[in-house]
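Bear in mind that the values in this text are calculations on the coordinates, not laboratory data. Treat the numbers as computed from the prediction; the structure is a model and nothing was measured. Cβ sites come from the backbone with ideal geometry, for glycine too, and all protein chains shown count toward neighbours.
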Ligand code: ADP
């Protein structure tokens, strides 16, 4: 049995801004289920949704600052969660990274440096918790200083650093290094320094015993300039300790057989009921109700990464085709505006909802035939997994986790029953449009379509699978 301290800046359902929270909420449970002693640590933000009992267990002093450790549990589990409590830094409204008005916290470096120092105290068993981990598993730049700070100690636990998105690195001016009172020996180009800037993520990449990312393909991609954001050299130098482990998905929350947000639950044995979800979605979206028309869906943050502009390039042609689109997302205002303009011009073809709506997200997954994910890069991606479980065929660009979780419907994969989606290579509207046309041909062949749906719905996207791979890694170090 391994003792693991799992450190993350967000943990679902306590607090979530993105995919990291899902991993931090699910992987520790899955590791506990395979009998590992795992504790989760995150900052005690004032906006945490605390449903379980929370109590004080100890106090620590780090870098001349007092902090407390509070203890709670992950809801409906025995997984212990420690909250790093420092009201002066974390007790303000907003999310982990931005304030109420959406601006990045001015003291964000102080916040996560302090969080990292508290993690180090717990990791070294100096926080009066009477527990020392064998492994500290850090996630993204917010915990990047942990492996660096542990490197100047002796008799330390091993460290794993997981990259959930290379695009976010925690970069600060050189002066921040001194302001944070970090050990001088960490300031060099093979340490925390990146072109005379302080890089938090480099703390993880340069000092952790193992580096992982959330899919095998993304682990290769980040070693290239296109995806490495300047750190491709360091990452390719570290290739021997770098690997990809695909995320699992929440099989209870995303289960078409027991989904309380959709009109008619269904399974692979009652796929005909999926059409009821389609017609309800059409009615709710003010689209013409027609169960045989091909319906495309998209649920996404509307940011450059997600390639929604490729879809916008295709829309003038798509509106001339026999299909409908149901889109849900929020983000870049100009993208929102363009999508809404199309919806206004073609109300019988396109429905657009701007906002974040979990219940609608479930209805889209259940109600559409095809799910669009034309991402420019995608470390892992979740929606393509949800789609397959819902018998909704994903169209994806061949990048990151999308490559590792989808089998393109080509003659060979169709013949050996492994096809689960449609993929395209080039990040262009033209390539996406070709994939859309190919999908329409597949849809017209009902037998083939059902075969793809059946294969997709039978795939194993459980966290157990991923947890076992992480455990093998912990055991290796
Ligand atoms: P990322 O973490 O890069 O945003 P993922 O595909 O890994 O992308 O995860 C996104 C998650 O957020 C999925 O669960 C998706 O359904 C959800 N999501 C994104 N945008 C919305 C939205 N507007 N409304 C509801 N859910 C959304």
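Report the Cα centroid-to-centroid distance between region 403-426 and region 142-166 in angstrom, as an integer. For region 403-426 versus region 142-166, the Cα centre distance is 38 Å.
Sequence-distant contacts, meaning Cα pairs under 8 Å at least 6 residues apart, place the relative contact order of region 386-430 at 41 percent.
Based on Cα atoms of the chain, Rg over Rh with Rh as the Kirkwood radius reads 0.99. Label point of residue 190 set 7 angstrom out along Cα-Cβ; within region 207-229, amide nitrogens under 16 Å from it belong to 207-209. Among beta bridges identified by DSSP and lying wholly in the chain, the antiparallel ones come to about 30 percent.
Can you work out D for region 382-473 in µm² s⁻¹ from Stokes-Einstein, where Rh is the Kirkwood radius over C-alpha pairs, the temperature is 4 °C and the viscosity is 1.567 mPa s? List each step's numbers first, then the result.
Values: Rh = 13.8 Å.
The calculation lands on 94 µm²/s.
Ranked by how many other Cβ atoms sit within 10 Å of their own Cβ, fewest first, the residues 332, 85 fall in the order 332, 85.
Each of 55, 164 was scored by other Cβ atoms within 10 Å of its Cβ. Listed from fewest to most, they are 55, 164. Extension gain for residue 284-residue 444 works out to 55.1 nm (0.36 nm per residue, less the C-alpha to C-alpha distance).
Distance between the modelled labels on residue 131 and residue 59, one decimal in nanometres: 2.2 nm (7 Å Cα→Cβ projection). Taking label points 7 Å from Cα along the Cα-to-Cβ direction, residue 271 and residue 357 give a separation of 2.8 nm. Kirkwood's formula applied to the C-alpha pairs of region 178-250 gives a hydrodynamic radius of 13.2 angstrom. Kindly state, to the nearest 0.05, the FRET efficiency for residue 106 paired with residue 78, given R0 = 51 Å and r defined as their beta-carbon distance. The pair residue 106/residue 78 has a calculated efficiency of 0.85.
Ranked from largest, the principal axis spans of the Cα set of region 108-265 equal 61, 44, 30 Å. Averaging the Cα positions of each part gives two centres, and for region 318-363 and region 69-101 these lie 35 Å apart.
How fast does region 268-457 diffuse by Stokes-Einstein, in µm²/s, taking the Kirkwood radius from C-alpha pairs at 4 °C and 1.567 mPa s? The estimated diffusion coefficient comes to 80 µm²/s.
Ordered by the number of other Cβ atoms lying within 10 Å of each residue's own Cβ, fewest first, 140, 252, 445 fall into the sequence 252, 445, 140. Mind running the shape call on region 263-340? Use the C-alpha gyration tensor, a ≥ b ≥ c as the square roots of the eigenvalues: rounded below 1.5 for a/c, prolate if a/b tops b/c, oblate otherwise. Prolate. Given R0 = 45 Å, the distance between the Cβ atoms of residue 345 and residue 92 translates into a calculated FRET efficiency of 0.55. Were the residues from residue 239 through residue 35 laid out at 0.36 nm apart, the gain over their Cα-Cα distance would be 70.4 nm. Dividing the mean sequence gap of close Cα pairs (under 8 Å, 6+ apart) by how many residues region 268-457 holds gives a relative contact order of 21 percent.
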